[in-house]
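Engineer: Take this structure first; my questions come after.
Taken together, the values in this text are just the output of simple stated rules run on the coordinates, not laboratory data. All of these numbers come straight from a predicted model, not from anything done at the bench. Methodologically, a virtual Cβ is constructed for each residue, glycine included, from the backbone with ideal geometry; neighbour enumeration extends over all protein chains shown.
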Amino acid sequence: MKPPLAVANPPNPWATTDVEYLDGEAPSAPLTVYEDRTRAILSHNDSPDVGFSWSVNPYRGCFHACAYCYARPTHEYLSFGAGTDFERRIVVKPDAPELLREAFDAPTWKGELVAFSGVTDCYQPLEASYRLTRGCLEVCAEYRNPASVISKAPLVERDLDVMQELARVARLSIAVSVPFRNEAHARAIEPFVTTPARRLRTIERIARAGLDVGVMVAPVIPGLNDGEMPEVLRAAAGAGATHAGMVLLRLPGPVKEVFEARLRDALPLRADRVLRRVRETRGGKAYDARFEVRGCGEGPYAAAIRTLFEQTCAKLGLRTTLEPDAETPATFRRSRGQMALF
């Protein structure tokens, strides 16, 4: 199987210039890390079909290089590209834990759930050295602030001690993303992520640590991994997962170009079928951005995928929804260190 292209950025509509290289002359794509000294770390979300209002993104861009990532267009706001730039020009926020502490100390903060992360994987490889996600979870534990974590990286296991402490004092939801069971398909579309089998072991280790863990079959790619979904769910339940979620493939803006290019390069015999099936779930288009539709699609094929997911989860005893926040006791407390000043 061929590796992903070295440089493959769709044109950035926000850039003032666009450079095209002659065949064979494109530069390589080494990893470049940029520091963002932002003055705020909490991002507010008002989308009605997303299960959280607040998120923390210690990183922008993601080394995992998943072709389907819906967050790719956000890199264009930085004057980068949504393709290879998103994967190899990574922005880190080194002050993230301190900024989160400041946000929790603000009188306006009421202790709402914080998601890690709303955009890119908070446990991508750079977290091994920067430890920003760990620092933020330590702040959540100190303030007893509820949190949710979703990742596809085994690095999550490093922070089981912090997660256990957080779960002891506040609500904590953990999910591991496993869209594929077929390793070849996973490698083609998620080239720098660990194997599905390794992610299932991560679920098992989180469960053995006494933490409530789920699996996210996201995205479900019609015509490619929808048939793998029942096997993923069975394997996850066997590893100790208690809940599950799914999201249909989303291809906003330049993501369509990145995804189609990767698909045709890595799985050329499947490409036309997959793209045809995607359009079947989107009213004949590649994407439908409407709330309540963008994450689940519509039409008979999308309905069949959803039914398969729900019936399989019911058979395995996997929850498909989390408890509403209204039913969760408020646990947030200001830092004990801060309280000692009064």
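Engineer: Between the stretch 163-191 and the stretch 227-246, what's the alpha-carbon centroid distance in Å?
Structural biologist: Centre-to-centre distance over Cα atoms comes out at 11 Å.
Engineer: Turning to a different aspect of this structure: Between Leu316 and Arg37, take the C-beta separation as r, use R0 = 35 Å, and let me know the FRET efficiency to the nearest 0.05. List each step's numbers first, then the result.
Structural biologist: Working: r = 46 Å, r/R0 = 1.31.
Efficiency, rounded to the nearest 0.05: 0.15.
Engineer: Show that you can apply the helix-only estimate: for the chain, add -39,500 (n - 2.57) for every DSSP H stretch of four or more residues, divide by all residues, and state [θ] at 222 nm to the nearest 500. It would help to have the intermediate numbers written out before the result.
Structural biologist: Numbers: 12 runs with 118 residues, N = 342.
My calculation for the chain gives -10000 deg cm²/dmol from helical runs alone.
Engineer: Given Cβ point charges of +1 (Lys, Arg) and -1 (Asp, Glu) and nothing else, what value in debye, to the nearest 20, does the dipole of the chain about its Cα centre take? Walk me through the numbers on the way to the answer.
Structural biologist: Numbers: 44 positive and 43 negative charges, 137 e Å.
Taking the Cα centre of the chain as origin, the dipole is about 660 debye.
Engineer: Above 27 angstrom, tally the Cα pairs of the stretch 32-322 and express them as a % of all pairs, no decimals.
Structural biologist: Details: 16347 of 42195 pairs.
The answer is 39 percent, as a whole percent.
Engineer: Have a look at Phe291, Phe104, Phe86 and tell me which one the Gaussian network model of the chain (Cα, springs below 10 Å) gives the largest fluctuation.
Structural biologist: Highest fluctuation among the options: Phe291.
Engineer: Same structure, new question: Which value, in Å to one decimal place, does the Kirkwood hydrodynamic radius take for the stretch 43-153 when every pair of different Cα atoms is included? Display every interim value, and only then the final one.
Structural biologist: Working: mean 1/r = 0.0688 Å⁻¹.
It is 14.5 Å.
Engineer: Name the lysines eligible as straight-distance cross-link partners of Lys285: C-alpha to C-alpha under 22 Å, and not fewer than 8 places from it in the same chain.
Structural biologist: Lys256
Engineer: Can you pull the one-decimal nm distance between simple spin-label points at Gln164 and Ala106, each 7 Å off the Cα toward Cβ?
Structural biologist: 3.4 nm
Engineer: Now for a separate question. At what distance in angstrom do the alpha carbon centres of the stretch 79-115 and the stretch 253-297 lie from each other?
Structural biologist: Rounded to whole Å, the Cα centres lie 29 Å apart.
Engineer: Tell me, in nm to one decimal, what length is gained between Thr194 and Ala128 on full extension, where the rule is 0.36 nm per residue of separation less the Cα-Cα distance? All intermediate terms of the calculation are to be shown ahead of the outcome.
Structural biologist: On the way: separation 66, 0.36 × 66 = 23.76 nm, distance 1.48 nm.
This chain segment gains 22.3 nm when fully extended.
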